[in-house]
Protein chains: 2
Amino acid sequence: MQALDDSALTHLAAYFRALSEPTRLRILNTLRDGEKNVGQITELTGCGQANVSKHLALLFEAGLVTRSAQGTSVFYAIADEATFELCDIVCGNVARIVERQFASATALKRQLGTIGRS
Amino acid sequence: MQALDDSALTHLAAYFRALSEPTRLRILNTLRDGEKNVGQITELTGCGQANVSKHLALLFEAGLVTRSAQGTSVFYAIADEATFELCDIVCGNVARIVERQFASATALKRQLGTIGRS
DNA sequence: CGCCGATTTGGCAATATAACCATAGGGAGA
DNA sequence: TCTCCCTATGGTTATATTGCCAAATCGGCG
C-alpha cells in the first residue's frame, strides 16, 4: 500500500464500514451462489424485511452489490467477486490475530499461575 | 470465501469495523515505515493526543497493532504486514466502484440530457 | 520521596447506527 | 381500476462512537 491521501482514506473507510456489520456480511453470504430477491434474503437471514432492505440499500450505495428489478421483485447480486477474495484474506488475518491473542492469554495465565505458586 | 458461521462473521465484522474510520486508517498509515510512539503519531496525524490513544487502544484490541513500552513511551507497530496488502486490494475494489458509479452517473446525465432535448 | 513527561482513562455532548413497527409506493393481474 | 404482493421509507428507541476536556496513572529521575 502506498501512502494514501485523505480522499482515498475516506473511501477506504466507507468501504470497510459497509463490511463492518455481521448482518450485512450475512446478507452478502447469502448472495454467494447467485442473485436473490429481498424476500429470499429476508428468509435466509431471518432478519426483518425492512431491516434487510435498508442494509441492501446501504450495500448498494457502497457499490458492493448490484440491483435489478424484475417484475415486483428486486434482485441483488454481488458486484465484484473480489469481495469474497477479500474476506478470504481477512479470515486469514483474523485467524492469526485470534491465535496470537489466545497464545498471549495462555502465557498470561501461566505467569499468573506462577505468581500464585510463589 | 467459504460459507461462514456466525462466530466467523462476528470476528470478520469486528476486524472491518476497526478499519472503518479514516482517523484509524491515517494512524495505520503513519506506521507504514516502522513503529512510533503516541506522541509521534499524534503529531503526524494532527489529532488530539487522547483521541489517538483511544484509537490505538482500539486497534490493539482488534489485533491490528502491537504495543511495546520503552521507558515512559509506548511504541506501536503494525502487527501484520498483510494489513497493507489488504488495503491494496480494497483500494482496487474502491477504484472499480468509483469508476462504475462515475460511469452510471455519466450515463444517467446523458439520458436526462436526451429527455431534455426530446 | 516528589516532580515531570508520556500515556491512559473517565466524563460529556453531538452524531450515527441498528432493529423494530407501521405505512407508503409500485408493478402485476383480475 | 382495484387489489395483492413485494419492496422501500419514515418514525422511534436503544445503543455505539467520536472528539474534546480534565484528571489520573505510570515510569524514570533528581
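Read-outs: derived from the displayed coordinates by stated rules, not from any lab. Keep in mind that this is a model prediction, so the values were computed, not measured. Positions of Cβ are backbone-derived with ideal geometry, glycine not excepted, and every protein chain shown enters the neighbour counts.
Please arrange B:S7, B:S73, B:S53, B:S20 by how many other C-beta atoms lie within 10 Å of their C-beta, fewest to most.
Details: B:S7 9, B:S73 12, B:S53 15, B:S20 20.
Sorted ascending by nearby Cβ count, the order is B:S7, B:S73, B:S53, B:S20.
What shape does the protein assembly as shown take by its C-alpha gyration tensor, where a ≥ b ≥ c are the square roots of the eigenvalues and a/c under 1.5 counts as rounded, a/b above b/c as prolate, and the rest as oblate?
Values: a/c = 2.94, a/b = 1.62, b/c = 1.82.
Oblate.
Divide by every residue of chain A the summed helix terms, -39500 (n - 2.57) for each DSSP H run of at least 4, and state the resulting mean residue ellipticity at 222 nm, rounded to the nearest 500 deg cm²/dmol.
Values: 5 runs with 79 residues, N = 118.
When only DSSP H runs of four or more count, the value is -22000 deg cm²/dmol.
Quantify how strongly other chains surround peptide B:21-33 by giving the mean number of their Cβ atoms within 10 Å of each of its Cβ atoms. Intermediate results must be reported in sequence, preceding the final value.
On the way: counts 5, 11, 2, 3, 8, 4, 0, 3, 7, 1, 0, 4, 1.
Average per residue, whole number: 4.
May I ask you to give the average projected area over all directions of the convex hull of the Cα atoms of segment B:27-106, in nm² rounded to one decimal?
On the way: hull surface 26.4 nm².
Value for segment B:27-106: 6.6 nm².
I need the inter-copy label distances for A:L58: point set 7 Å along Cα to C-beta, values in nm with one decimal, smallest first.
Output for A:L58: 1.5 nm, nearest copy listed first.
Please check: in the Gaussian network model of chain B (C-alpha springs, under 10 Å), which one of B:A50, B:A79, B:A105 has the largest mean-square fluctuation.
B:A105
Connecting C-alpha atoms closer than 10 Å in a GNM of chain A, tell me which of A:N51, A:N93, A:N37 has the biggest fluctuation.
Of the options given, A:N93 has the highest mean-square fluctuation.
List the residues of segment A:75-105 whose backbone N lies under 17 Å from a point placed 7 Å from the Cα of A:R32 along the Cα-to-Cβ direction.
Hits in segment A:75-105 for A:R32 at 17 Å: A:77-95.
Would you mind calculating the gained length between B:S68 and B:E81 on full extension (0.36 nm times residue separation, minus the Cα-Cα distance), in nm to one decimal?
Numbers: separation 13, 0.36 × 13 = 4.68 nm, distance 1.74 nm.
Contour length minus Cα-Cα distance gives 2.9 nm.
Please identify, among B:I78, B:I89, B:I41, the residue showing maximal mean-square fluctuation in a Gaussian network model of chain B using a 10 angstrom Cα cutoff.
Judging by the Gaussian network model, the answer is B:I89.
Please compute the average number of Cβ atoms from other chains found within 10 Å of each residue's Cβ in peptide B:84-91. Walk me through the intermediate numbers first.
Numbers: counts 2, 3, 7, 7, 2, 6, 11, 7.
Partner Cβ neighbours, averaged per residue: 6.
Compute the distance in nm between two label points, each set 7 Å from the Cα along the Cα-to-Cβ direction, one at B:Q101 and one at A:A14.
Once both label points are built, they end up 0.3 nm from each other.
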